[in-house]
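Novice: Sharing a structure, written as structure tokens. Questions coming.
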Amino acid sequence: MASHSAAGSAAETRWRDVLSGTPDLISTGATRYRTDPELVRGCLAGSPGAFDLLVHLHQRAVYRLCFRFMGNHEDAADLSQEVFLRAHRGLASFRSKSSLSTWLYRIGVNLCLNRVSLKRPMTEPLETDRTADQRGVDPVERLDQSARALRLRRSIARLPPRQRAVVILRVYHELPHAEIASIVGSSVGAVKANFFHAMGNLRRLLGPEDMRTPERARRQAEEGGS
């Protein structure tokens, strides 16, 4: 337990080392860097606040990716921190053929695949989005929605890792097949096949009511063909 705590403290120190710690610089950077390549050049040049802005723009999406893959906040926090540490070290290798978000997702998925091969993920509730207005939602309906969401996450956690990655990126992050293929390092055809098999597995694990969200994503994929 003590060694785990020490490792966490060391990681936290490394994390602080790559941030300037000045929130005001984020707003300055937002007006200075209009594109991903410009922001990357600013980070590589060591411009104050450039990497802070990169983290600010992407940390929520990266954290949610890691949480949805691992199913618990401890692993999600650890892995999302590691994503940005690796990004900071590897920015020189970034190529503008893909977006920064795609590149960060690729790092995140690879880290999650490595972690999940070492341990069985737990499933904790993801906090409700604080920006969503819940005042008009009946409390009983809200509990029912939360229960269905938890059952869905637990079922997704039982999928083979590749299928899980594709479902998370397609259903929750609403990415097109081509971008998912770039993230997971496979062909578009393989991504579609993984998604098809994942939907079949989820149907066996869930009842019709709980399949509404992933089924909607499947229909959109078929209609849009993306």
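Novice: Looking at the stretch 91-106, which of its residues are more than 12 Å from L54 (Cβ to Cβ), polar (S, T, N, Q) and either part of a helix (DSSP H, G or I) or not assigned by TED's automatic domain parsing to the domain that holds E38 (or both)?
Specialist: Residues satisfying the conditions are S93, T102.
Novice: If you check R130, R95, R89, R135, which single one turns out to be exposed (fewer than 13 other Cβ atoms within 10 Å of the Cβ), modelled with pLDDT under 90 and closer than 24 Å to L39 by Cα? Write out each step before concluding.
Specialist: Numbers: R130 fails: closer than 24 Å to L39 by Cα; R89 fails: modelled with pLDDT under 90; R135 fails: closer than 24 Å to L39 by Cα.
Answer to the selection: R95.
Novice: Against the condition part of a helix (DSSP H, G or I), at pLDDT 60 or above, of a type in the set (D, E) and over 30 Å from N201 (Cα atoms), how does E74 come out, does it pass?
Specialist: Here the answer is no, as E74 does not meet what is asked.
Novice: Related question: In the stretch 37-67, what count of residues is obtained for those that are surrounded by fewer than 18 Cβ atoms within 10 Å (Cβ to Cβ) and at positive phi?
Specialist: Within the stretch 37-67, residues that are surrounded by fewer than 18 Cβ atoms within 10 Å (Cβ to Cβ) and at positive phi number 1.
Novice: May I ask you to verify whether L152 is within 19 Å of M70 (Cα to Cα), at pLDDT below 90, part of a helix (DSSP H, G or I) and under 17 Å from the mean Cα position of the chain (by Cα)?
Specialist: Working: within 19 Å of M70 (Cα to Cα): yes; at pLDDT below 90: yes; part of a helix (DSSP H, G or I): yes; under 17 Å from the mean Cα position of the chain (by Cα): yes.
In short, yes.
The values are calculated or read from the model by the stated rules, or taken from the named source; none is laboratory data. Because the structure is a prediction, the values reported are computed rather than measured. FYI the Cβ positions are ideal-geometry reconstructions off the backbone, even for glycines, and counts take in every protein chain you see.
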